[in-house]
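**Student:** Below: one structure in structure tokens.
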Amino acid sequence: MAGGSNQGGSNQGGSKEIVVQGTAVPFQCPKLTETNYTTWSIMIETVLRAYGHWDAITKDVVEEKKNYTTKGIIFQTLPENVLLQVAKHQSAKEVWESIKVRYIGAERVQKARLQILRNELETLKMKDNESINDFSGKISGIAAKFKSLGSTLEEEVIVRKFFNSVPKKYLPIVAPIEQYSDLETMTFEEAVGRVKAYEERLQILEEKEEDHDQLMMAGEQKHGESNGHGRGRGRNFESGGRGRGRGRGRGDKSGFRCFNCGDFGHFSYECTKWDDKDNNREANLLQEEEPALL
């Protein structure tokens, strides 16, 4: 195992390399900011473990070279004001704890934050319009915060929380999983993967139903326009689907065109203009016939 040269970066921090089967694999060390301590600590711990230096954080006494190498990896990721505050510490463990206290707070504050996280997890519910990816990301974020505070959430806890928090539309997949699967050994990733597969199938079915409805509406409109040139045809078209026409009439009719008079805003079976024309025509016929009868 060998390390490469440091490559500084204003945003990414430093780049370390570790040799895996003869290939140098770079490790990007993120810069510590006021808002990314959780992700920063996860990344730095991973890098230190990859180099075999994590014991410099967990043990009180380690060899001098390992101690200074660990401090160097941490120092290159710190902003200047934090670096000046922790540079006084001799061991990498003291540096790590000093940063942790600065960003997480003392033990009393830490316990209060853990309680807040527990309440947040307990009240967390998935919204109807929320995706499985977004919701599972929220649970994973809370679990990561638990870890940064020195506590952990059991896999079974977050798996059950996930199943109990999804909307009712996922019940057909959640119920069989809970009944026939061992939740004590199921990983959170497996639970999310199963429900996500069901979500994708639901989306496909909804898209097909939407396309079918649009085709039906377009077909009805085209059929009505082709048969709506006369009063009788227009009435016959509507009489074959009066239930559907009336149901649709309860909403906005501004986009519907009458097949009798050609105006928008009503259906042909609601049209009164033909009735007015019929009445006027009958009155004219009566006036023409009265002199002949006399």
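**Student:** Residues being part of a helix (DSSP H, G or I) and free of Cβ contacts under 8 Å to residues at least 60 places away in the same chain: count how many of those fall in region 145-155.
**Tutor:** 2
**Student:** Among the residues of region 9-28, is any modelled with pLDDT of 90 or more and either open to solvent by less than 40 Å² (accessible area, probe 1.4 Å) or of a type in the set (Val, Ile, Thr) (or both)?
**Tutor:** no
Yes/no matrix, rows are residues, columns are (1) farther than 30 Å from Trp96 by Cα; (2) open to solvent by 70 Å² or more (accessible area, probe 1.4 Å); (3) without any contact (Cβ under 8 Å) to a residue 12 or more places away in the chain; (4) not in a helix (DSSP H, G or I):
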residue: Gln110; (1), (2), (3), (4): no, no, no, no
residue: Ile116; (1), (2), (3), (4): no, yes, yes, no
residue: Ala143; (1), (2), (3), (4): no, no, no, no
residue: Val159; (1), (2), (3), (4): yes, no, no, no
residue: Ile173; (1), (2), (3), (4): yes, no, no, no
residue: Ile177; (1), (2), (3), (4): yes, no, no, no
residue: Glu184; (1), (2), (3), (4): yes, yes, no, yes
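**Student:** Can you tell me which residues in region 51-72 are surrounded by 16 or more Cβ atoms within 10 Å (Cβ to Cβ), more than 22 Å from Lys145 (Cα to Cα) and either in contact with a strand residue (DSSP E or B) (Cβ under 6 Å, 6 or more places away or on another chain) or among the aliphatic types (A, V, I, L, M) (or both)?
**Tutor:** The answer is Ala56, Val62.
The values are calculated or read from the model by the stated rules, or taken from the named source; none is laboratory data. These numbers were taken from a predicted model, which means no experiment stands behind them. Heads up, the Cβs are rebuilt from the backbone with ideal geometry, glycines too, and the neighbour counts pull from every protein chain shown. Heads up: the accessible areas ignore ligands, DNA and RNA and are worked out on the full protein's heavy atoms, side chains in. Shrake-Rupley method; radii C 1.70, N 1.55, O 1.52, S 1.80 Å.
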